[in-house]
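Here's the structure, in structure tokens; my notes come after.
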Amino acid sequence: MTPPRSSRTPAAAPCCAEYAAVSRRGLLTGALALAGTSTVVGSAVVRASAATVTPAASVLVVLSMRGAADGLSLVVPHADPTYYLARPNIAIPSDRLLAKDGQFGLHPELESMLPLWNAGKVAAVHATGLPAPNRSHFAAMEEVEDANPGSTTRVGWLNRLIGTDSDRSPLQGFNMGEGAPPASLYGPEDVMGAGDLDRVQVAGADQWDHDGGRRRSLEAMWKKDGSTLGRAIRSTFSAVDAFAPVHETSDVPANGATYPDSDLGRAMSAVARVVRGDVGVEVITVDQGDWDMHSDLGTVEWGRMNRNARELAGSISAFFTDLGPLGDKVTLVALSEFGRRVVENANYGLDHGYGNAMFLAGAGVKGGTYYGTWPGLSEDLDSDLLVTTDYRSVLSEVVASRFGASTSTVFPGFQREHVGVMQGQ
């Protein structure tokens, strides 16, 4: 099949106006932005009080596929005939799918993740999502990351998670990126973010400051200041010092790992350095944009989905190869704010939908199989994949299995249902 003209110019592939505005906030490569009582020191963003370092027993990496990834392309329901009727041009042929069972198969460009899948380290949960449809990127992101519908307070579920223990280090929660931290990290617990690990330093304390005078001057200026800013600055000094072991890690991937030459690949390589530094980081967020494929999602032969799926799988695979035995304490969750419509549009793309698929990888995951209750598809123009598993039930199993935390604290008012994707759940 010959691709449409627009597909030959990937840079011209459009997304919706709302998502374009969200993207400009900075996804992996965006400008620095702050919220709350954050403090900027070099490239670091610290929302902080005193830092103490306790090595993390478990690490959770939350990879947000911004723009609403199409779960029906990533985890294909090949046994549902409506999938092929609704997508005559962009459906993935059944004989090209990977890891097929009687109902599902993986996109062929996820091949580099297949060894992890076969080793029982990766699983997929289908037909997951919010309890009610929300096709606004911005509103859905907020809702997914707050994970507390109806609340008037803006506190994210990861901030609640790191608040369940007595550790108050801002290094517990870390956003890998230069944009604003995601809403999941917002809240009373202090967190940190950086787009360049090697620039987590006190501004000016560089090669031109030969005797440390810059740092001493700042400490003298702020050491007796009792204001919020003064406390934050002193905390920043402490956090930057505590982060030093990460600087000492090599930026060359270990164990022969090769990351894709992409923003996501570089971000996951940096996340691996944070884990190796072992400075007490328990939750790490990574945002990847460019999943808003109203056009040029493409076919099995060409298109943006092929590229994104390849980068996603390559980055996850390289990440766990890079970590080696350290991967035994790291769990990765990949999710998106909502899914896309069942029926393809006229531009080899898909419009905003509802239900989606989630991937889980690493520690505690009962992988190598698919989870969730399949609702069946319908072919009406406005049809969505319905949600049969609230995404909070999946996350609750991660929280309980890996952190032993109270799921009622992390997800207030929510009664989780059994999914079975995590050990001990």
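For the chain, compute the orientation-averaged projected area of the C-alpha convex hull (one quarter of its surface), in nm².
Values: hull surface 81.9 nm².
Computing the convex hull of the Cα atoms and averaging its projections yields 20.5 nm².
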*Within segment 82-104, what residues put their amide N at less than 16 Å from the label point 7 Å along the Cα-to-Cβ vector of SER378?*
82-83, 86
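Once neighbouring chains are kept in place and the probe is 1.4 Å, which whole percent of the accessible area of the chain is contributed by carbon and sulfur?
Numbers: 8420 of 16310 Å².
Carbon and sulfur atoms account for 52 percent of the accessible area of the chain.
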*Note the count of lysine pairs whose C-alpha atoms are less than 24 angstrom apart in the chain, limited to pairs 8 or more residues apart or on different chains.*
5
*asked:* From the helices alone, meaning DSSP H stretches of at least four residues, give me the mean residue ellipticity at 222 nm for the chain, per-run term -39500 (n - 2.57), in deg cm²/dmol to the nearest 500.
replied: -7500 deg cm²/dmol
*Inter-centroid distance (Cα atoms) of segment 406-425 relative to segment 96-166, Å*: 14
*Across segment 288-305, in residue order, what do the Karplus-derived ³J(HN,Hα) couplings come to in whole Hz, using 6.51 cos²θ - 1.76 cosθ + 1.60 with θ = phi - 60° and x for Gly and Pro?*
10, x, 6, 9, 8, 9, 5, 9, 6, 4, x, 10, 5, 9, 7, x, 5, 5
*Can you work out ³J(HN,Hα) from phi for every residue in segment 92-98, in order, using Karplus 6.51 cos²θ - 1.76 cosθ + 1.60 and θ = phi - 60°, giving whole Hz and x for Gly and Pro?*
8, x, 4, 6, 9, 6, 9
_Surface accessible to a 1.4 Å probe, per residue, for the residues of segment 38-374, Å²_ = 34
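Let me have the relative contact order for the chain, percent, based on Cα pairs under 8 Å that are six or more residues apart. Write out the running numbers ahead of the final one.
Details: 972 pairs, mean separation 123.9, N = 425.
Relative contact order of the chain: 29 percent.
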*Each label point is 7 Å from the Cα along the Cα-to-Cβ direction; what then is the distance between the points at ALA203 and THR82, in nm?*
5.5
*At 7 Å along the Cα-to-beta-carbon direction for both SER250 and SER151, put a label point, then send me their distance in nm to one decimal.*
4.2
*For segment 408-425, Karplus couplings with θ = phi - 60° (6.51, -1.76, 1.60), whole Hz, Gly/Pro x*: 6, 7, 6, 10, x, x, 9, 9, 6, 10, 6, 10, x, 7, 10, 4, x, 10
*In a Gaussian network model over the chain where Cα atoms closer than 10 Å are linked, find which of SER169, SER250, SER393 has the largest mean-square fluctuation.*
SER250
*Counting only residues 5 or more places away or on other chains, whose amide H sits under 5 Å from the amide H of ARG340 once H atoms are built in the peptide plane?*
GLY71, LEU72, GLY353, TYR354
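The values are calculated or read from the model by the stated rules, or taken from the named source; none is laboratory data. Quantities reported herein were computed from a predicted structural model and do not represent experimental measurements. All Cβ positions, even for glycine, are placed from backbone atoms using ideal geometry, and neighbour counts span all protein chains on display. Side chains included, ligands, DNA and RNA excluded: accessible areas come from the protein's heavy atoms. Shrake-Rupley method; radii C 1.70, N 1.55, O 1.52, S 1.80 Å.
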